[in-house]
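Comments concern the structure below.
Where a number appears in this text, it was derived from the coordinates with a stated rule and is not lab data. These numbers come from a predicted model, not from an experiment. Here the Cβ positions follow ideal geometry from the backbone for every residue, glycine too, while neighbour counts run over all protein chains shown.
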Amino acid sequence: MSNEIEIGRGKRGRRAYSFDDIAVVPSRRTRDPEEVSGSWQIDAYQFELPVVAAPMDSVMSPATAVALGRAGGLGVLDLEGIWTRYESPEPLLAEIAELDAADATARMQEIYAAPIDADLIALRLKEIRAAGVTVAGALSPQRTREFSKVVVDAGVDLFVIRGTTVSAEHVSGRAEPLNLKRFIYELDVPVIVGGASTYTAALHLMRTGAAGVLVGFGGGAAHTTRTSLGIHAPMATAVADVAAARRDYLDESGGRYVHVMADGGVGRSGDIVKAIACGADAVMLGAALARATEAPGKGWHWGPEAHHPQLPRGERVRVGSSGTLEQVLFGPGHTADGTLNLIGALRRSMATTGYSDLKELQRVEVVVSPYQPQ
């Protein structure tokens with residue numbers, strides 16, 4: 001059965017769904033929320049929460065990476081961000097929070113024009129390691145070759161290669177592109193790579209040896225990729241497509257399981273539930289964690305696309321501060337908008353639908369039920 005729609009006589013398009021377009025359905029069984037598990041494991045690293053923090057300066061500092069790690073999640077530091085360009089970035093973060101909207105992008109481009117300091121990369125990662133939590137840092141594909149040795153020597157546990165989109169077959173006539181398969185093969189630590197938003201792209205990334213694939217393209221709260229480039233991947237369909245690639249690669253490889261992480265469009269607790277229902281093993285959160293009072297963005301949220309020197313594809317957005325990191329993750333909640341007690345909501349949804357762990361929740365019944373939040 002085809003779900004293609006005729007756009008015009010010369011073009012057809014496949015119908016795709018966002019998380020707002022779908023909902024999960026209760027089964028015949030229910031459970032107690034205290035008796036369900038949200039834990040997951042990638043390579044040798046076990047986490048109590050299926051939460052990976054997006055490597056964005058508004059979300060992650062070394063301190064918040066440690067706090068999230070101690071809470072049971074995984075913090076990923078942006079190794080091309082403000083923490084690796086300045087020894088004392090706090091005054092600049094405070095300045096970004098106070099900028100007028102008309103001046104924000106231009107001033108951020110100036111701030112992020114400072115060179116990346118390899119010594120600061122090592123220092124920030126060692127700060128996180130000293131706290132005894134799992135250490136993860138992110139580089140773009142363009143910077144991976146330049147700084148990967150520094151990152152590995154600093155003792156990173158999980159290496160994240162993250163861009164708006166990452167392919168296994170980047171073609172360039174100007175410079176030799178990163179050979180992702182060779183890079184991962186020669187690296188001594190597991191690699192998480194993305195974003196990818198289609199079955200084929202994800203399957204090729206899995207064949208490079210990646211331990212995990214990030215799913216998403218231009219769907220985050222701070223992205224303007226759809227308006228600036230005309231590119232968008234509705235997340236429910238993207239996650240389900242990449243989960244299908246994981247299933248087929250599992251057969252192709254003789255049992256190698258690649259973890260799928262939804263990265264984008266996961267702003268509230270219900271989105272986490274639906275991302276896992278579509279096949280994700282975990283979610284990468286940006287805006288949801290930027291709302292914590294401890295977040296470096298001080299109620300503002302932005303990603304690396306917001307300060308691109310030639311073509312910004314994002315912006316600084318106001319997300320406000322909903323509560324402490326503890327409240328964001330575990331409550332108690334004092335609003336009904338899905339911004340607080342994310343893990344409590346996930347547990348309750350799992351209990352209501354009758355599933356005891358995340359792998360079981362991936363089998364939950366899903367319906368197409370478009371919803372327009374007020």
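Report, in whole Å, the centroid distance computed from the Cα atoms of the range 26-43 and the range 255-302.
What the calculation gives is 18 Å, centre to centre.
For a label point 7 Å from the Cα of residue 39 along Cα→C-beta, name the residues of the range 113-142 whose backbone N is under 19 Å from it.
The answer is 133-135, whose backbone nitrogens lie closer than 19 Å to the label point.
Set Lys and Arg Cβ to +1 and Asp and Glu Cβ to -1, take the dipole of the range 20-368 about its Cα centre, and tell me which of 55, 220, 253 lies farthest positive.
Farthest towards the positive pole: 253.
Mind giving me the FRET efficiency for residue 130 and residue 27? R0 is 45 Å, r the Cβ-Cβ distance, nearest 0.05 is fine.
0.50
Enumerate the lysines that residue 181 could reach by cross-link, defined here as Cα to Cα under 17 Å, with residues fewer than 8 away along the same chain left out.
List returned: 149.
Along Cα→Cβ, 7 Å out, is where each label goes; now give me the distance between the ones at residue 257 and residue 294 in nm to one decimal.
Calculated label separation equals 3.0 nm.
Note down the Stokes-Einstein diffusion coefficient of the chain in µm²/s, whole number, using a Kirkwood radius over alpha carbon pairs, 37 °C, and 0.692 mPa s.
157
Between residue 15 and residue 318, what is the spin-label point distance in nm, taking each point 7 Å from the Cα along the Cα→C-beta axis?
3.8
For the chain, with a Gaussian network of springs between Cα atoms less than 10 Å apart, report the residue from 23, 290, 345 with the top mean-square fluctuation.
Most flexible of the set in this elastic network: 23.
Quick check: convex hull of the Cα atoms in the range 39-183, volume per residue, rounded to a whole Å³?
Numbers: hull volume 20.1 nm³, N = 145.
Considering the Cα atoms of the range 39-183, their hull volume per residue is 138 Å³.
In a GNM of the chain with a 10 Å cut-off on Cα contacts, which of 98, 127, 48 has the highest mean-square fluctuation?
In the Gaussian network model the winner is 98.
Over the chain, calculate the relative contact order: mean separation of alpha carbon pairs under 8 Å at least 6 apart, over the residue count, as a percent.
Details: 816 pairs, mean separation 85.3, N = 374.
Relative contact order, the chain: 23 percent.
Mind checking the full-extension length gain between residue 146 and residue 362? Use 0.36 nm per residue of separation minus the Cα-Cα distance, one decimal, nm. Working shown, then result.
Working: separation 216, 0.36 × 216 = 77.76 nm, distance 3.81 nm.
Here the answer is 74.0 nm.
From the residues 361, 122, 68, which one has its Cα farthest along the dipole of the chain in the positive direction, the dipole being from +1 and -1 charges on Cβ of Lys/Arg and Asp/Glu about the Cα centre?
Positive-most Cα among the choices belongs to 361.
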